[in-house]
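Enquirer: Dropping the structure in here first, questions after.
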Number of protein chains: 2
Amino acid sequence: MNHEEAIKALGDCRTRIDAVDLEILKLLNDRTSIVEEIGRIKREARLPIYEPKREDEVFRNVTENNPGPLPQEALKRVFERIIDEMRVVQRLRIEEESKGTTDAGSHAGRRLGGADTESH
Amino acid sequence: MNHEEAIKALGDCRTRIDAVDLEILKLLNDRTSIVEEIGRIKREARLPIYEPKREDEVFRNVTENNPGPLPQEALKRVFERIIDEMRVVQRLRIEEESKGTTDAGSHAGRRLGGADTESH
C-alpha cells in the first residue's frame, strides 16, 4: 500500500467510524430516555432509586455476550462510564422534580434543550 | 400506578435497556475492528499513530448531532472513555506485532480470544 492508498483507506475507515458513532449516539439517547422513564416509575411508586444488583446484571449482560475484539476490561470500563452518566441524569431529574419544574412545558423544553444541560 | 404495575413497567424498561446495551456492544466491537484496521494501515504506511486533531473531529461529530436527552458533557465523557479504550487496544496490537505474534493463526486466535484480553 503506497502513501496515497493508505490515506484513502484511512479516510474510508474514518467515515465508517463516524457512522458507527452516530449509531452509538442514538442508542445512548434511547438508553437515557428509558433510564428517565425508570426514574419516573420509581419515584411514583416510591421504589429505591439505586439498585447495585441491577448494575451487576447490566455488566453481566454485556460481558457474557462479548465476542471481542473489544477486551472485557475495556468493555466494563465503557459501561461503568455509561452507567455513571445515567446516574447523574437521574439525579438531575430528581432535583428538577423537587424544584417543581416538571410540568409538560418544561418537560418538552428539557427534551429539546437536553443537549445543553450540564451534568457535573 | 400501583406497586405491581410499577414492578412490571420496570421489568419492561430493563428488557429494553438490555437490548439497547447489546446493540451498543455490537457497535463498540465494530468500532474496535475499524480502529484495528486503522492501526494496521498506519503501521504499514508508517503514518503517525496519534492524531489529536482526529479526536476533536470524533467529539464534534457526536456533540453536533446530539438531540438529547443525554447531556453534552455526559456524552463527551462517554466518548472520552471509548476513545481511551481504543487507544489501549491499538497499543496492545503494536506490542503484539513487535513481538512477532501477527501471523494468520494468532490473528484468528486473537479475534476469538479478544474478549479475555487484559488491557491495562
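Enquirer: Report, as an integer, the average count of C-beta atoms from other chains found within 10 Å of each Cβ along B:79-85. Before the final figure, lay out the partial values.
Expert: Values: counts 6, 1, 9, 8, 0, 4, 9.
Mean partner shielding for this stretch: 5.
Enquirer: Placing +1 at every Lys and Arg Cβ and -1 at every Asp and Glu Cβ, with all other atoms neutral, what dipole size does segment A:3-116 have around its Cα centre, in debye to the nearest 20?
Expert: 400
Enquirer: Also: In nm, what does the list of distances from B:ARG91 to its counterparts in the other copies look like, shortest first, when each label sits 7 Å along Cα to Cβ?
Expert: Nearest first, the other copies' label points are 2.9 nm away.
Enquirer: Please give the average number of partner chain Cβ atoms lying within 10 Å of the Cβ of each residue in A:46-59, rounded to a whole number.
Expert: 1
Enquirer: Going by the rotation axis that takes chain B to chain A, pick out the residue of B with the closest C-beta and quote the gap in whole Å.
Expert: It is B:ARG81, 2, counting Cβ atoms only.
Enquirer: Quick one: grab the alpha carbon gyration tensor of segment B:3-116, order the square roots of its eigenvalues as a ≥ b ≥ c, and give me rounded if a/c is under 1.5, else prolate or oblate depending on whether a/b is larger than b/c.
Expert: Values: a/c = 3.72, a/b = 1.62, b/c = 2.29.
Oblate is the answer for segment B:3-116, as a/c is 1.5 or above yet b/c matches or exceeds a/b.
Enquirer: Oh, and also: Please compute, for peptide B:88-94, the average count of beta-carbon atoms on other protein chains lying within 10 Å of each residue's beta-carbon.
Expert: 2
Bear in mind these aren't lab numbers, they're just calculated from the coordinates by the rules spelled out. All values derive from a computational prediction rather than experimental measurement. Because the Cβ atoms are built from the backbone with ideal geometry, glycine has one as well, and the counts that use them run over all protein chains shown.
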